[in-house]
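Have a look at the structure below before the remarks.
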Amino acid sequence: MIKTNFFNETPAHKVTQQLGCFSVVEYLRDVSVSPYNAEAAFFCGEMGVRKRQVAATLDNSSVVIQAGAMQWFAGNIEAQTDVKGAGDFMKKMFGSAVTGETAIKPRYTGTGLLVLEPTYKFILLEDLDQWGNNLVIEDGLFLACTDSVKLSVAKRQNVSSALLGGEGLFNTCLSGQGVAVLESPVPREELVAVDLENDTIKIDGSFAIAWSAGLQFTVERTTKTLIGSAASGEGLVNVYRGTGRVLMAPVRGDFGYSAPAVSSVSSV
């Protein structure tokens, strides 16, 4: 039997999300700071720049996580690799090379508690049933998923979408039933979700961080002619057609951070 105060709400942290076996603990205040960087840490917390940890409560079940993401686990849990043989290893190495994700993702199986390393990024818990059981994500977003979710490589439907869309030729695809844990560059309340039903969305830039695998992705001019596109100042846009969902961030990229640089603040 395991007893822990990890999930207990305190003035410093509390559980903010729960879906399936996954829970998210958010540190509301960073109290483990020195007097010299307390001011910076305080304003980081006020702006939502906080540490977050994902925990998986296993009950004779399994989860797959990003390599190197585990911090600690307790109970009757065993760690395994998801490699089933030489052929599978080569396939995963290819997938790693083209998507930027790690080739080998460990699987933790058993009964107990698994806690991942803290992150300053924002955590999204996604039920794949809400995505038609097929979700394509941008590189670097994957953190964990239930073992019932299959990870594969999704190839662009045409070369132009890769060369001109700024999205790359391959992406990670999550399929099946279960829960996926993603690391987002922005909080959920800033994300824009657009549900399409035999319709189209055109995005000026690589703002889409996730979309339904059934959507057709192309790159097109904003107008019918090159002169018109040049005159409009928009040029090319990323176009998603069909039935499904697109999740967009208001800014590009992940800001390149892993933690706020509060240690560089000097005393006054």
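The values are calculated or read from the model by the stated rules, or taken from the named source; none is laboratory data. Because the structure is predicted, anything quoted here is derived from the model rather than measured. For neighbour counting, all protein chains shown are included, and Cβ atoms are generated from backbone atoms with ideal geometry for every residue, glycine included.
Could you list, in sequence order, the residues of region 5-42 that are touching a strand residue (DSSP E or B) at 6+ places or on another chain (Cβ under 7 Å), touching a residue at least 40 places away in the same chain (Cβ under 8 Å) and of a type in the set (Ser, Thr, Tyr)? Scanning region 5-42 gives a single hit, Tyr27. Read through the list (1) aromatic (Phe, Trp, Tyr); (2) outside any helix (DSSP H, G or I); (3) at pLDDT below 95, then give the number of the only condition that Tyr108 fails. So the condition that Tyr108 fails would be (3). Taking the criterion of being within 20 Å of Tyr27 (Cβ to Cβ) and either in a strand (DSSP E or B) or in contact with a helix residue (DSSP H, G or I) (Cβ under 7 Å, 6 or more places away or on another chain) (or both), the residues of region 51-64 that qualify are Arg52, Gln53, Val54, Ala55, Ala56, Thr57. If you go through region 185-198 and keep only what is modelled with pLDDT of 95 or more and either among the small types (Gly, Ala, Ser) or more than 18 Å from Gln130 (Cα to Cα) (or both), you end up with just Ala193.
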